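Single-structure report; data block below.
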Amino acid sequence: MNEQQQHDGNIPGAAVSRRQLLTAFGLAGAAMAAQSVLSVQGFAAQGGGTVSGGVYGNGSTVTGSTYHGNGNGSGYPPGQALSSGLFHLLYESVAAMVADTNLTDGLLASTAGYFEPGDGGGSAYIIQSGTQTEDGGSVITLTNGLQAILLPGDSIRYKQFGAVGDGANDDGVQIKKAHAYANGQQLPVINRSGEYWIKATVDIVVQTSVDWGHTKFHIDESFNSKTQSRFRVASRKTEAAIPFDAATKAAFLAQMKPGTTLIPELAPYKNSLVFVVDSNDKIGVRYGYNHNGWNREDFFYVEEHGRIVGDIAWTFNNYTSLVAYPCDDNYLVIDGGTFYMSGTSPGANGSYLYNGILVKRSRTILRNQWVGLDQGVVDVSLDPRSGFYYFSNVFDVTLENVRLIPWEQDREGTDRDVPAGTYGIGGARVLNATFRNVTAEGSNVHWGVFGTNMFKNFRIEGCRLNRVDVHFHCWNLYVKDSEIGYKGFTLTGGGDLFIENTKRFGTRFIDFRNDYGAKWDGNIRLNNCRLVLTSGTAEAVALNFIPANFDYKYPIGYGRSIKVQDFIFDYTGVPNPTGICRIMKIATFSKVTSTGARLFFPSSVECSDVIVVGREKGVRMLEISNPLSFDLGKPGGYDQNRVTANCHMRFVNIQSEKVPAQASQSNTHVNFLLNALGTAAYEDANALYPKIDIVGCGDFFGHFKGAVADVYFSDCTVNCMDAYEGGPMRGRLAFENCHIKANAVDDGKLLYSLSATHGVSFVDCTIHGPVVDGVERMDLLSRYDFINVNNTLRYNHLNTKLAKSVIDYFASAGTPVEPEFYAMLKSHHDSESISMAKRKGTTADRPAPAKFGSEKGFAYFDTDLGQPVVWDGTRWVSPAKSGDTLHFYTSSLPGAAGTAMKRMESHPSQEYVLSQAGSLVRFAVHASAPQSAAAFTFDVWKNGAVWLSGLAGPTASANPRMAAFTGNATFSAGDRISVRVVSVDSSLTAGTYATVDVYATYINY
């Protein structure tokens, strides 16, 4: 005997005494005992003996022939005497049992079916007097004031309550009664087969687990209700207001703020879902609608000692309602079932209608179900649906292994459109929901399957849905291994938004809902995701934040941190794939005009390994039109020395778009934009002060204008860039291992304007000639603001290189790149002169001091002189000597008259040959005789002839004597200089010697 037979048929059962039955279970609760009876009771009689009247209950003797001659004879015997004095009667159907006028109080009876044997409605009953309300299943009215009371066994089936399943009967009536009875008896409904039609019946309350197996339900949607679902999964527990005295309320409110994880005041309400509402404080006004906003509201689950599950998102100053919803302490499981919908509607003038299962019980699991349209029908409903599955005020619910459909909304034309969003899954105020392996896909005609508000700690795993939507206040959404269709992600809220290994079909991976401020107040992570484009020309965006400049009555902004990894824009198979791709798109304002409320901005934006497949055109990163008033929630700043960053943006390995050629300073097509006037004041220290790294991102065209930023590029091809707008960019620009190559439409302006206040640096970069109006124009290279080959070089450079095409151009023009310019490219500091100073040339070509910043020690090789000269800060000088001292002597002065003084013994000429031009400036003369007798005169000869004559030696008052040369004492390089004694004082004695030192200075070059 298998499990299906136990639940769907009547099987013989073992004997049990009447005393045992009544004593152990009572008349109305003997289900398990009766099941034991049925488990061995056969459809054929096991003998036809006589039963005493005492057993039967009316005092007479009864034989099998009493019941229509079916005792020991042929036919269907109605009963059998069992051991222990219990008599059990068996009927073909409920109708046969009801027609039996011989039944008396105290008998057991069973039916082989409800309408006919084997139809699945066979049950066991105890016969007793009573006036209970008949429901056709648990209570069946008989004749003579008797009733058959169901002995249910361990589960309930719909056929036991008379469900017909013929397509005409509203089987919902009997199904509702079956569940009502199962709820009362706390028994599961196990109905694994059969086909039923639910027509006008609504609000079938489910409070016990259900196993529908392969059961099929046909639901006539023309009876859908605005207020009641077809099935309602309900808790046995009732919500209750939490009464706090003034002191406890104050303590509670002090903790009602983000970051709180323990509220001891709620400890008595453990295992409850608690709702805090302040109806006097409105937030989340819906833009574009006549909407006054939502109550400030939050909810969380209370664990032991007041530990709460579910982040608190808002700060509360007061509340108007504080309610605890006790959660059931077991899981209710609804397993299996197939639902065929009629696709019709009652014509409710656009009102939302329920059409499926409403879940209002925490810890509910729905799984292994299929929902779709009935065979041969289409969705023609003109009324929106709230959702076949609708979850309300619940904790810890799961939807698993379910197929359903989104509903048609935007049909061809307008006369058959549904006037509002129409949903397959709806809900509000749900904590810890998990959807696993749920499928609901459709075309662009279908509205999104999702339509929810206030979902917290929401997990979607292995699903394929045409939409994931939380209108207002989603908090912590985790999506993994899923596919999201044409209607996409439409969200607002906060907490964690983590999406992994998920594919989205459409043009925006996540659309943050404009009507609720396009906000996400938390951390965003996209990992290994793909946007499969459904239009080649439409703009594609991974993270689309476009709020209106509107007072939403709560803070709005673009996340607290963003990380996008391994993201693919997939154009495979899409015709004309020319549209713009953006990683992130935000509004053009940073402060709401009407209120001055500032938008928050993430302190971290990291995007890496973002590529495009199906076309060559790449992506754009981010445009920040106004950074002045963002609120980062932490301080940053700018001063003359540095940018103190409060935001780090990092873009690594991005397949960036090579934008169309345009004017060099245009904002029309940019990979990145940070826009501000250089004179514009930032709101305060919490405004946006970013550190921006752009690494390995291919082509880059972008501007930083006069904004504050510290920007670093590596391994990129940098197209035009403007870092000046009403003043220089406030911060630093650094380029490492980059190619600098402009491609622009000629408007006569600079192709690069890189005037950053903290400097601009190039390390290992290569400079290419610009392409202007589609033609390479080396002659316009000087419109890079930092380079004019062989003339000027601005900013800091280390190992900067010129592309070969640039070098070849200047060589062919007869002005090859000078070594001095290469030297500047190799190493140049911003504090050095921007002008190239030639290091070699004629005397006339010596560079003006301004060319090299009048740097002391600057050397120049003078080809006219054939030697280097050095700038000493005021003039050119020889790097060798500034002058010389020429030494002459005679060892015997008295006899030296008319002879040349020596420069050294045995010198052939006793002359000095001067290596540079200059002049004699002074001399010093000394004699070894007493001062009174030391007089002598001498001449200075040049090139073998007297040059400076009649020079006096020491005197009585000066020995040695120092004196300046007078007259023309100049000489040229190569002149020979000597000294001759002219006359000697006669009083000098033999052995008197004398010296003459001549001081020569060289001309400064």
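Just so you know, all these numbers are worked out from the coordinates, no wet-lab data involved. As the structure is a computational prediction, the values presented were derived from the model and not from experiment. Here the Cβ positions follow ideal geometry from the backbone for every residue, glycine too, while neighbour counts run over all protein chains shown.
Measure up Lys456/Lys563; Lys270/Lys585; Lys553/Lys617; Lys617/Lys801; Lys741/Lys838; Lys159/Lys480 against 32 Å on the Cα-Cα distance and list the ones that go over. It would help to have the intermediate numbers written out before the result.
Working: Lys456/Lys563 21 Å; Lys270/Lys585 43 Å; Lys553/Lys617 40 Å; Lys617/Lys801 28 Å; Lys741/Lys838 27 Å; Lys159/Lys480 41 Å.
With Cα atoms farther than 32 Å apart: Lys270/Lys585; Lys553/Lys617; Lys159/Lys480.
Specify which residue in the list Met729, Phe810, Asn796 is farthest towards the positive end of the charge dipole of the stretch 622-828, using unit charges on the beta carbon of Lys, Arg (+1) and Asp, Glu (-1), about the Cα centre.
Asn796
Report the relative contact order of the chain, percent, no decimals, based on alpha-carbon pairs under 8 angstrom and at least 6 residues apart.
4 percent
Can you tell me which aspartates and glutamates have their Cα less than 18 Å from the Cα of Lys360? Leave out same-chain residues fewer than eight positions away.
Asp203, Glu239, Asp298, Asp328, Asp329, Asp335, Asp396, Glu400
With unit charges on the beta carbons (Lys and Arg positive, Asp and Glu negative) and the dipole taken about the Cα centre of the chain, which residue among Leu531, Ile611, Ser93 sits farthest to the positive side?
Going by the Cα projections, it comes out as Ile611.
Using amide H atoms built in the peptide plane, which far-off residues or other-chain residues are under 5 Å from Ser321 H to H?
Counting only residues 5 or more places away or on other chains, the set is Val277, Ser279.
Can you list the residues, at least 5 places off or on another chain, whose amide H is less than 5 Å from the amide H of Trp947, using H built in the peptide plane?
Those qualifying (amide H under 5 Å, at least 5 residues apart or on another chain) are Val940, Trp941, Lys942.
Hey, what angle do you get for helix 171-185 against the long axis of the chain, alpha-carbon based, 0 to 90 degrees rounded to 10?
Its long axis makes an angle of about 90 degrees.
Points 7 angstrom from Cα along the Cβ direction at Ala681 and Ser972: gap in nanometres?
Between Ala681 and Ser972, the simple spin-label model gives 7.2 nm.
Might you report the magnitude of the Cβ-based charge dipole of the chain about its Cα centre, with Lys and Arg at +1 and Asp and Glu at -1, to the nearest 20 debye?
For this selection, approximately 2060 debye.
Per-residue counts of other Cβ atoms within 10 Å, averaged by peptide: what ranking do you get for 953-962, 596-605, highest first?
Highest mean packing first, the order is 596-605, 953-962.
Can you figure out the FRET efficiency of Lys480 with Tyr289, using R₀ = 35 Å and their beta-carbon distance, to the nearest 0.05?
Working: r = 33 Å, r/R0 = 0.94.
Result of the calculation: an efficiency of 0.60.
Do the sum for the chain: with -39,500 (n - 2.57) for every DSSP H run of n ≥ 4, divided by all residues, what is the mean residue ellipticity at 222 nm, to the nearest 500 deg cm²/dmol?
-2000 deg cm²/dmol
Under 17 Å from the Cα of Lys851, which aspartates and glutamates turn up, not counting those fewer than eight places away in the same chain?
Cα-Cα hits under 17 Å: Glu818, Glu820, Asp830, Glu832, Asp862, Asp872.
With only Lys, Arg, Asp and Glu charged, each at its Cβ (+1 for the first two, -1 for the last two), find how big the charge dipole of the stretch 874-1005 is about the Cα centre; round to the nearest 20 debye.
240 debye
Give me the one-decimal nm value for the distance between modelled label points at Ser392 and Ala548, 7 Å along each residue's Cα-to-Cβ direction.
Inter-label distance under the simple model: 2.9 nm.
Per residue of the stretch 936-947, in order, report the coupling 6.51 cos²θ - 1.76 cosθ + 1.60 (Karplus, θ = phi - 60°) as ³J(HN,Hα) in whole Hz, putting x for Gly and Pro.
Ordered by residue, 3J(HN,Hα) equals 7, 10, 8, 10, 9, 9, 10, 6, x, 9, 4, 10 Hz.
Using r as the Cβ-Cβ distance of Ala241 and Asp715, and R0 as 60 Å, what FRET efficiency do you calculate, to the nearest 0.05? Working shown, then result.
On the way: r = 63 Å, r/R0 = 1.05.
Step by step, r from the Cβ atoms, then E = 0.45.
Within the stretch 354-385, name every residue whose backbone N is under 16 Å away from a label modeled 7 Å from Cα of Arg411 along the Cβ vector.
Counting backbone N atoms under 16 Å from the label point, the list is 373-374, 376-385.
Using only alpha carbons, build the gyration tensor for the chain and give me the equivalent ellipsoid semi-axes, biggest first, whole Å.
In descending order the semi-axes read 108, 28, 24 Å.
So for the pair Gln867, Lys826, with labels modelled 7 Å out along Cα→Cβ, what separation do we get in nm?
The answer from the label model is 2.6 nm.
Can you give the % of DSSP beta bridges in the chain that are antiparallel, to the nearest 5?
The answer is about 35 percent antiparallel.
Taking 25 Å as R0, compute the FRET efficiency from the Cβ-Cβ separation of Met962 and Ser906 and round it to 0.05. If you can, show how the numbers build up before the last one.
Working: r = 30 Å, r/R0 = 1.18.
The computed FRET efficiency comes out at 0.25.
I need the fraction of alpha carbon pairs in the stretch 883-1002 separated by more than 23 Å, rounded to a whole percent. Working shown, then result.
Details: 1734 of 7140 pairs.
That tail contains 24 percent of the Cα-Cα pairs.
Please compare each pair in Lys177/Lys226; Lys226/Lys249; Lys177/Lys216 to a cut-off of 27 Å on the Cα-Cα distance and tell me which ones are over it. All intermediate terms of the calculation are to be shown ahead of the outcome.
Values: Lys177/Lys226 22 Å; Lys226/Lys249 37 Å; Lys177/Lys216 18 Å.
Where the Cα-Cα span goes over 27 Å, the pairs concerned are Lys226/Lys249.
Assign unit charges at the C-beta atoms only (+1 for Lys and Arg, -1 for Asp and Glu), then state the dipole size of the stretch 559-622 relative to its Cα centre in Debye, rounded to the nearest 20.
The calculation lands at about 400 debye.
Once the dipole of the chain is set up with Lys and Arg at +1 and Asp and Glu at -1 on Cβ about the Cα centre, which of Thr208, Val371, Ala848 lies farthest towards its positive end?
Result: Ala848.
If I stretch the segment between Lys840 and Asp639 completely, what's the gain in nm (0.36 nm per residue apart, minus their alpha carbon distance), one decimal?
68.2 nm
Order the peptides 629-640, 408-419 from the highest to the lowest mean number of other Cβ atoms within 10 Å of their residues.
Highest-to-lowest ranking by the protection proxy: 629-640, 408-419.
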